[in-house]
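A quick write-up on the structure given underneath.
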Amino acid sequence: MLFGVAAVSLAWWAGTDPRLTMRLDARTNEAVSAIVESAKREGVPTEPLIKKALEGASKRAAGETIVAVVRGYANDLRRAREALGPKSSEEEVKAGADALRAGVKVQELERLREAKAGQRFAVALDAMSYLVNRGVPADTASSALVRLVLASATDEQITALRADIERDIAGGMPSGLSTAARANGLEQVIAAADENGGAPGTALPSGRGSIGSTGLGVNAGAAVQGNAATGGLPNDGPKPSPRGKPKRP
């Protein structure tokens, strides 16, 4: 017990995290601590790195493997912070790094810097990574979520969108098709709400009822029936019969 207390105290004075000292061998701890310290000096979040090292220890990974994984994660965190900007939160940087590791291009993260001042996008980045891991092409997922962030979609709307896409995939719809359709629908809902002064619950008309909050109706793939599809008026009933035959001259 005294030895453990002494080790923690020594780690604190040395500037290393006690959790690493207690879980990693000396050589691995030294290498990981150096990576963490370097990231700290650069303003890169360090807690995700520590947790990644501890995860490796829990899985009994080799020291060399732990160091390599932590170093690679640190590089992704740096790239994400650089892309998102120095004002991005730790949560956003971590979510951005996870998106990069899932296959999202750094250029898509850079586009998020165009968002309104104060707008947060960690939830969108999490959804981006999740959808890619569920089989949505990285380009499709990243493009859709970035557009929604720039359209000022709320965290609640993005969370609902993710759930709707998950249901579509479970129902057999191709993941990329669902993502594109749902995102386009939500963009239209947001635009319509803006035109109406931001009135909540604004829905867009569809061929069968209205489009919900994510913009994709139950029968969104069905074509609109009747003359309305060609620009005419819908058939509300039978045409009136002629009143009589014209008289012969």
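Expressed as a rounded percentage, what relative contact order does the stretch 42-154 have, with Cα pairs under 8 Å and six or more residues apart?
Values: 112 pairs, mean separation 25.8, N = 113.
So the answer I get is 23 percent.
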* Counting other beta carbons within 10 Å of each Cβ, put 130, 73 in order, fewest first. => 130, 73
* Structure fact -> Between residue 64 and residue 196, Cβ-based FRET efficiency (R0 41 Å, step 0.05) works out to 0.10
* Just how many pairs of Lys in the stretch 24-99 have C-alpha atoms closer than 15 Å, counting pairs that are eight or more places apart or on different chains? -> 5
* Asked: Of the trypsin sites (Lys or Arg not before Pro) in the stretch 46-87, which ones lie in a loop per DSSP and count no more than 11 other C-beta atoms within 10 Å?
  -> 59, 60, 87
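Provide the gained length on full extension for the span residue 41 to residue 90, in nm with one decimal, where the gain is 0.36 nm per separating residue minus the Cα-Cα distance. Write out the running numbers ahead of the final one.
Working: separation 49, 0.36 × 49 = 17.64 nm, distance 1.44 nm.
The span from residue 41 to residue 90 would gain 16.2 nm if fully extended.
What list do you get for 132, 70, 32 if you sort them by fewest beta carbons within 10 Å?
Numbers: 132 23, 70 26, 32 29.
Starting with the residue having the fewest Cβ neighbours, the order is 132, 70, 32.
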* To do: Arrange the following residues from fewest to most other Cβ atoms within 10 Å of their Cβ: 143, 178, 58.
  => 58, 143, 178
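Every read-out reported here was derived from the displayed coordinates using simple, explicitly stated rules and does not represent laboratory data. If you're wondering where the values come from, they're calculated on a predicted model, not measured in any experiment. When we count neighbours, we look across all protein chains shown, and the Cβ atoms used for this are built from the backbone with ideal geometry, even at glycine.
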